[in-house]
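Presented below is the structure to which this report refers.
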Amino acid sequence: MDDQFVKVPRKRSRGIGGFILNILTLIVVLAIIGIGAAYAMVFVNPYVGYNPFPPPTLPAILGTPTPTNTPAIPLPTAWTPTPSRTPPSTLTPSPVPTDTPVPSPTATEPGPPFALQPGNPVSIVNWVNDLSCEWMGVGGQVFNLDNAPIANLGVHLEGELGGKAVDMDALTGSAPDIGPSGYLFNLADKPIASEGSLWIQLNDGGGKPLSEQVFFDTYDTCDENFIFVNWRQVREQ
């Protein structure tokens, strides 16, 4: 019975096929490993030589510039600016207005505290004594701001009359026949004409002027032989 069945040897053929299969498997494994390594290399360095699609090359990174005083584009040693085709128009400066200094107000000295009473001096007939036309003189009164008479003020009379010098003083209140503040000067024993050669002035009794010098005329007629001069106060002393 054993002779009827012939056994075919299969061990040899099975060994060759397995070897070939192992070789192919190894090749595939190695190929996979190679391909993986290649992809890994491309991933790590995309600029590898066998990469068919390398990314564009980036420009070199510039370092931080070092500050320097040297201009990037040096100018020529002798550089002359090129004039423009149309010269600029010459501007004539307008004159600068100067402020005209405003003069400071000058403090004016106040006038004298006494002045002539309006209408004075006046030439009238002699009524102060009984000498009538055999006399010529000057007299009057002085009043304050309240129109009250002021006594003890000085009155000075000076000048020239009939070729003779005149220099006389009197006090207000010394001629009560004229009034409470009356004063009187006896000039001559007859009327004598003169034109502005005599002047009269008030003072404080010590020589300090209290009025302007007032020049007056005299006449040689009997109805004008008394020169009446009244004063009044115009401001506080």
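The values are calculated or read from the model by the stated rules, or taken from the named source; none is laboratory data. Please read these numbers as outputs of a predicted model, since none were measured by experiment. Cβ placement follows ideal geometry from the backbone for every residue including glycine, while neighbour counts extend to all protein chains displayed.
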Checked segment 105-157 for anything farther than 30 Å from D220 by Cβ, among the charged types (D, E, K, R) and assigned by TED's automatic domain parsing to the domain that holds F215; matches are D146
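With surrounded by 11 or more Cβ atoms within 10 Å (Cβ to Cβ), of a type in the set (S, T, N, Q) and either at pLDDT below 75 or under 49 Å from the mean Cα position of the chain (by Cα) (or both) as the only criterion, which of N120, N144 stands out?
After ruling out the rest, the residue left standing is N144.
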Starting from segment 190-202, take each residue that is more than 9 Å from E158 (Cα to Cα) and in contact (Cβ under 8 Å) with a residue 60 or more places away in the chain and list its partners that are of a type in the set (F, W, Y) and surrounded by 18 or more Cβ atoms within 10 Å (Cβ to Cβ), counting only C-beta distances under 7 angstrom and pairs at least six apart or across chains.
L202/F114; L202/W231
What about V166, is it surrounded by 19 or more Cβ atoms within 10 Å (Cβ to Cβ) and not in a loop (DSSP other than H, G, I, E, B)?
no
